[in-house]
1. Amide H neighbours of ALA126 under 5 Å, at least 5 residues apart or on other chains, H built in the peptide plane: list them.
2. Determine Rg/Rh for the stretch 202-245; Rg is computed over alpha-carbon atoms and Rh is the Kirkwood hydrodynamic estimate from the same atoms.
3. From Cα pairs below 8 angstrom and at least 6 apart in sequence, can you work out the relative contact order of the stretch 153-226, rounded to a whole percent?
4. How big is Rg to Rh over the stretch 106-216, alpha-carbon atoms, Rh as the Kirkwood inverse-mean-distance radius?
5. Enumerate the amide H contacts of VAL257 below 5 Å, restricted to partners 5 or more residues apart or on another chain; note that Pro and chain-start residues carry no placed amide H.
Amino acid sequence: MRPLMRRRAPDPAPSRLTYRAQRLWLTPIFRKMLRVGLPSFTLVLVAGSFLADPATQQRVIDGLAETRREIEDRPEFRVTVLGITGAGPVVTEEVRGALALDLPLSSFDIDLAALRARVEALPAVASADLRIRSGGYLSVAVVERVPAFIWQTRGGPVLIDAGGQFIASLDARPDTPPLPLIGGDGADRVTAEAARLFATAAPLGPRLRGLVRMGERRWDVVLVDDRRILLPETGAVAALDRALALHEATELFDRDVARIDLRNPDRLTVQLTPEAVGALRALRAEQGVQSSGEQSG
């Protein structure tokens with residue numbers, strides 16, 4: 001009788017293949033690849049196979065476009081009202097014309113940056129702010145350029161602001177209040193000096209008609225009856241102040257004076273009006289006749 005043999009207990013250690021599989025599963029990147037990468041790859045593969053057909057591609061594109069149109073055409077996205085603030089009636093109409101909007105429109109079809117550029121391109125507009133507000137309201141807040149001078153140009157009088165920026169022709173703004181008058185080429189480039197001269201010449205009151213830029217170098221102060229004060233290229237404000245002081249002492253502007261030349265700071269030259277020159281010559285001639293009569297007598 002054969003002796004009974006004891007059965008060998010199974011080895012608890014895993015096989016080499018099982019060990020390697022377990023080690024691989026414990027690797028984070030392998031687990032992420034199986035959980036995320038493999039499903040994503042499968043999805044992309046299926047979608048690519050599905051969209052490989054041109055007819056399918058067109059159906060998808062048409063469907064997306066239709067969905068977008070439905071969203072854009074919803075009432076909550078439609079702009080129906082345009083409001084313009086900060087501008088007078090004339091500028092308001094200019095802004096409305098520059099925008100050229102045919103409302104109602106979807107807010108998705110409105111390019112606020114492009115519209116703002118159109119509005120700010122208007123000469124009378126310094127800046128603009130455009131916003132789409134609730135209730136389908138397009139708000140346009142405008143800051144107008146403020147006319148500071150009437151500039152007499154070769155093409156006619158125009159309005160400019162304190163910085164010399166063109167605003168509009170005077171004919172287009174018939175309701176413009178009285179403004180200081182300047183003239184001459186390049187006068188728009190030295191408006192700061194012009195403003196100081198007008199402030200200094202305030203005591204002249206209604207005698208003052210305006211300033212004329214001469215040779216793009218200096219100013220003439222124009223008074224009534226075309227009388228002029230010729231100012232130097234530099235120190236014009238100080239020279240005008242001296243002329244006003246001289247008037248206070250001698251009532252110079254009340255006399256028959258056509259020109260007061262201050263271009264030479266060391267010498268003041270006064271030119272009389274033709275009438276005054278004629279009267280002076282007649283007086284001298286009369287005095288000469290009298291002197292001759294006295295000598296002959």
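Laboratory data are not the source of any read-out in this text; all were calculated from the coordinates shown. Worth saying up front: this structure is predicted, and the values here are computed from it rather than measured.
1. Amide H neighbours of ALA126: VAL143, GLU144, ARG145.
2. Details: Rg = 10.1 Å, Rh = 10.7 Å.
Rg/Rh for the stretch 202-245 comes to 0.95.
3. With pairs under 8 Å counted, the relative contact order is 26 percent.
4. In the stretch 106-216, Rg relative to Rh is 1.14.
5. THR273
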